[in-house]
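Asker: The structure follows.
The values are calculated or read from the model by the stated rules, or taken from the named source; none is laboratory data. No experiment lies behind these values; they were computed from the predicted model shown. No Cβ is skipped: glycine too gets one built from the backbone with ideal geometry, and neighbour counts run over all protein chains shown.
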Amino acid sequence: MTRALLPALLLASGCGFEDIVDDRMGTIDADLAEIHDRLEDLEAENVALRDRLAAVEIGSGASGWIREPETWLVPGDYANLQAALVAAADVRIWPSGRLTIQLEPGDHALVGPITLAHPDGQRIDIIGDLEGTATTTLQCGGAGCFDLSTGGSLGALAGLDLSGPGSGVAVEVGSNGRITLGPGLRISKFETGLSASTGGVIRGEGVILDSNRVGVMAESGGIIDLLEGSVRNSTLVGLAAEPGGLVVAYDVDVAGGTGGLSARGGQIWAPLASVSDQRRVAFSAAEGGRILGARTRAAANGIAYEAVDGGHLVMDNATATGNVVDVSLDNGSSASMPGFTGSNAPGTVEVRYRSTWFSAGTMPGAGVVVSEHDGKFYAH
């Protein structure tokens, strides 16, 4: 059929060209609507299939997924924190989702420490007032607040006061567990504030630890990494690293108490750390322990920098002001302190060895030397 005959045939049939186009478009629209409906059915089937597969993967009776960030209020949605965590155990959290359990201002009592073995615990946050306008307190018993010593992870703790009875561990992490401590977290009146061991990792920013016997303790492969924040009024020691433990204290302020930083067989990295008003010692390395720092400050302490029994200090541009003793060394210990500025006049250094003061380069006894060379002090 030629193009010239098409208009004549349309006229003869009494059917206009526009009518044919309209009919055809109507058919196409109907086909598209059917395809759209089918796609919706397939998507619903796909979601149901994912949920069934997830239930098989979970194997713990989980009843659903959290696919978008959502917040549960305590006591608005759940009576207490434990009830919210029991409910959370019945869901899984998609990588795109996050569960925030927000405690309203006031006092919240814990019955026993929180243990968490949720497979998506790293996507669960427990928070209080992040604006700092109200106080949200968790009153913890003698066993502590959060016990992840046998594993498990938690996304973040922030905006909370963790208050103890003078015993227990506020936050304990082990067996490769993980937890993040956010701004506005205050921990007070525990035997130990933070404890990490056996591969457990605690990371915190702006955390305040006050009036604990031991502020921070890392041992046996545990790591505690703190940025800023403060450790105050520890009755035994502020930051402690036992054998195999690592404490990182970047720009952390340690004030008041008996001892500041103690690396007894472990390691402490303390750039920009400031330690003041310790009755005994600010920085102490012992039994093979090591403290590394840069631009650290020690003021108004009994001893500013101490290394005993094979301990080692490596401090770059450290300062000591108003301490009873600036540097104390004993029994095979050493201190490398280039750029050190002590309480004495610039360019002079005095070191105490076994309660006796010696100028650098002297020999306090047979086989014992206190020496200075390029800012390195040795007692051996």
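Asker: Across segment 72-124, which residue is modelled with the lowest pLDDT among those that are among the acidic types (Asp, Glu) and out of contact with any Lys or Arg (no Cβ under 7 Å at 6 or more places or on another chain)?
Answerer: Within segment 72-124, the match that is modelled with the lowest pLDDT is ASP90.
Asker: Are any of the residues in segment 302-312 over 15 Å from ALA282 (Cα atoms), modelled with pLDDT under 75 and not hydrophobic (A, V, I, L, M, F, W, C)?
Answerer: The answer is no; no qualifying residue exists.
Asker: Tell me, yes or no, whether segment 129-139 has at least one residue that is more than 20 Å from the chain's Cα centre (by Cα), closer than 20 Å to TRP72 by Cβ and aliphatic (A, V, I, L, M).
Answerer: There is at least one residue in segment 129-139 that is more than 20 Å from the chain's Cα centre (by Cα), closer than 20 Å to TRP72 by Cβ and aliphatic (A, V, I, L, M).
Asker: Take segment 145-164 and flag every residue that is touching a strand residue (DSSP E or B) at 6+ places or on another chain (Cβ under 7 Å) and not in a strand (DSSP E or B).
Answerer: CYS145, SER149, GLY159, LEU160, GLY164
Asker: Let me ask something else about it. Can GLY164 be described as under 24 Å from LEU226 (Cβ atoms), surrounded by 22 or more Cβ atoms within 10 Å (Cβ to Cβ) and more than 15 Å from the chain's Cα centre (by Cα)?
Answerer: So GLY164 passes the test.
Asker: Within segment 168-177, take every residue that is at pLDDT 95 or above and surrounded by fewer than 24 Cβ atoms within 10 Å (Cβ to Cβ) and give me the one that is farthest from GLY106 (Cα to Cα).
Answerer: GLY174
Asker: While we're on this one: Which members of segment 165-189 meet the condition of being among the hydrophobic types (A, V, I, L, M, F, W, C) and either assigned to a strand (DSSP E or B) or out of contact with any strand residue (DSSP E or B) (no Cβ under 8 Å at 6 or more places or on another chain) (or both)?
Answerer: VAL169, ALA170, VAL171, VAL173, ILE179, LEU181, ILE187, listed by residue number.
Asker: Additional query: Quick check on SER188: is it in contact (Cβ under 8 Å) with a residue 24 or more places away in the chain, more than 18 Å from GLY106 (Cβ to Cβ) and of a type in the set (S, T, N, Q)?
Answerer: No; evaluated as a whole, the condition is false for this residue.
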